[in-house]
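Structure first, then comments.
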Amino acid sequence: MKIIAIGRNYIDHAKELNNPVPVEPIFFLKPETTLVRNNQPFFYPDFSNDIQYEVEIVIKFNKVGKNIAPKFAHRYYSEIAIGIDFTARDLQNKCKEKGLPWEISKAFDGAAPISKFLQLESIADFNNLSFRLELNGQIVQEGNTSQMIFHVDQLIAHVSKFMTIKIGDLMFTGTPAGVGPVKIGDRLTAFIEDKKMLDFQIK
Ligand code: ZN
């Protein structure tokens, strides 16, 4: 399986990193080895001094598809979760300066803690879903799916022009403003609406 991750899908976040607001979706891949499940701890890697959290709504694909039209895209996923797109910002900034690929900053082991999944049918309105991240009990990121620059169905249409979507693939749909660093000993807690979904420690 693959993990598709969307960059700069919330205007406030694009601005906080001094990135231009994109005219079409930006995506990259994270390998399966980035996943951390069941609230297992995240182990701070020794190759970075600036690991940052990015809280994101995640969808799971339940159908194979290629060149999916936006109006049919909702048929390709039925479960959602919340996850952290951990980023070694120091390494990412170096890659960006040199115009190099980002993988060392986004695709390292453990860089995608993820919650259990919720059935989409249990969600009142997926297009108006609030979520948040707390760092040691303080809210650091708050978002709502209604604030996405590109709606999930547009993201699926765009990505599936280039690569076949397979059953079990995941998509991290972008982070709202408020990204920031973690340190050893921190605790991250992520919520969809007021439901606690993710709760783990940095070790
Ligand atoms: Zn991200």
(request) Identify which of L155, L29, L17 has the largest mean-square fluctuation in a Gaussian network model of the chain, with springs joining Cα atoms closer than 10 Å. (result) L17
(message) Just to confirm a number: summing +1 for Lys and Arg and -1 for Asp and Glu over residues other than D12 whose beta-carbon lies under 15 angstrom from that of D12, what do you get?
(response) -1
(message) Using Cβ counts within 10 Å as a stand-in for footprinting exposure, how do H151, H74 rank, fewest first?
(response) H74, H151
(request) Identify all lysines with a Cα-Cα distance to K96 below 20 Å; exclude those on the same chain that are fewer than 8 residues away in sequence. (result) K15, K30, K106
(request) Determine, for K203, K106, the number of other Cβ atoms within 10 Å of each Cβ, and report the residues in order from fewest to most. (result) K203, K106
(request) Work out from phi, with θ = phi - 60° and the Karplus expression 6.51 cos²θ - 1.76 cosθ + 1.60, the ³J(HN,Hα) of each residue of segment 183-198, listed in order in whole Hz, and give x for Gly and Pro. (result) 9, 4, x, 5, 10, 10, 10, 10, 10, 9, 6, 10, 8, 6, 10, 9
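Which order results if M163, M148 are arranged by neighbouring Cβ count within 10 Å, fewest first?
So the residues, fewest neighbours to most, are M163, M148.
In deg cm²/dmol, rounded to 500, what helix-only [θ] at 222 nm does the chain give when every DSSP H run of at least 4 residues adds -39500 (n - 2.57) and the total is split over its residues? Spell out each step's value before the answer.
Values: 4 runs with 31 residues, N = 203.
Result for the chain: -4000 deg cm²/dmol, rounded to the nearest 500.
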(request) Rank by packing, highest mean first: peptides 4-15, 114-125, with packing defined as the count of other Cβ atoms within 10 Å averaged across residues. (result) 4-15, 114-125
(message) Counting only other residues whose beta carbon sits under 10 Å from that of M163, what net charge do I get with K and R as +1, D and E as -1?
(response) +3
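A short reminder: the numbers here are calculations on the coordinates, not readings from a lab. Because the structure is a prediction, the values reported are computed rather than measured. Note that we place each Cβ from the backbone using ideal geometry, even for glycine, and neighbour counts take in every protein chain shown.
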